[in-house]
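Report on the structure given below.
The values are calculated or read from the model by the stated rules, or taken from the named source; none is laboratory data. Every value quoted in this text rests on a predicted model; they were computed, and no experiment measured them. Note that each Cβ is placed from the backbone with ideal geometry, even for glycine, and that neighbours are counted across all protein chains shown. Ligands, DNA and RNA are excluded from the accessible area calculation, which covers all protein heavy atoms including side chains. Shrake-Rupley method; radii C 1.70, N 1.55, O 1.52, S 1.80 Å.
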Amino acid sequence: VLVTGAASGIGRALSAALGREGAVLGLLDRNAEGLTTLAGELQAAGVHCALAEADVRQREGIREAIHGLVRQLGPVDVLVACAGITGATLLSDLAIEETEAIVQVNLLGTAYCIDAVLPAMLARGSGHIVGIGSLAGCRGMAYSAAYSASKAGVAMYLESLRPALRRRGIYVTTVLPGFVRTPLMERAKVQPPVAMMPPERAAGYILKAIRQRNRVYAFPW
């Protein structure tokens, strides 16, 4: 299983959960320190894993990093595209540069990671692509225009890929979480109006979606 955005938040909690399930893990993030800490904890618990530092905005860098992990661990059976960022969109400051970064990480970063693993999946006729969207991608959330748009893009990108890939033996799951207490959310300029769930609980939902190969999995109820 290849997890992007593995160093913190949902990605970190999901990596730990997958490790407990016995998965061999490829861990990818631009946070080298966080990756090293996570890998050390997982290896101490007996998890077979390898790490790669890369920024999902850099298409060629992502390709090289993922191919390096494949050389160490073998082919990717499951990709969990978890890397993501957020930011507030205020009327006084539309933060266009931040908007560009959010779209690059959340939408294009997901596409770049899929592009890196898909040829081998198609050659084998098997695989599972899991993209982390958001409930904010279903209805635009106030003060989060860029984030909502980027996550709507992720959902539509995966939905468009799903029919043709399923005929080739590849499953596509879109995960739509609600508010999760990640470092990014804790530092957000605008705080959500409801309590945030811990990332460990979110990881449990995502693990269930992976096991069941759901087309779309949204939580909480």
Before I look further, what does the chain give for accessible area per residue, probe 1.4 Å, in whole square angstrom? 49 Å²
Hey, what do the phi angles of the range 118-131 turn into as Karplus ³J(HN,Hα) couplings, whole Hz, using 6.51/-1.76/1.60 and θ = phi - 60°, x for Gly and Pro? 5, x, 5, 5, 5, 5, 7, x, 7, x, 8, 10, 10, x
Quick calc of log₁₀ I(q)/I(0), the range 70-192, Debye, one scatterer on every Cα, no solvent, q values 0.09, 0.11, 0.12 1/Å, result -0.28, -0.41, -0.48
Roughly how many Å is it from the Cα centre of the range 193-221 to that of the range 45-86, as a whole number? 22 Å
Calculate the radius of gyration of the Cα atoms of the range 11-138 to one decimal place, then report Dmax, the largest Cα-Cα distance, as a whole number, both in Å. 15.7, 51
Cα-based Rg and Dmax for the range 51-116, in Å, come out at 14.3, 49
If you restrict to DSSP beta bridges whose two residues both lie in the range 1-131, what percentage is antiparallel, to the nearest 5? 5 percent
Can you run phi through the Karplus equation (6.51, -1.76, 1.60; θ = phi - 60°) for the range 153-170 and list ³J(HN,Hα) in whole Hz, with x for Gly and Pro? x, 4, 4, 6, 4, 5, 4, 5, 6, 4, x, 5, 5, 4, 5, 9, x, 10
Radius of gyration and maximum dimension Dmax of the chain, Cα, Å: 16.3, 51
Please determine, in degrees from 0 to 90 and to the nearest 10, the orientation of helix 32-44 with respect to the longest principal axis defined by the Cα atoms of the chain, where the helix direction is its Cα long axis. 50 degrees
Please give the peptides 168-176, 138-146 ranked by average Cβ packing (other Cβ atoms within 10 Å per residue), highest first, as a rough proxy for protection. 168-176, 138-146
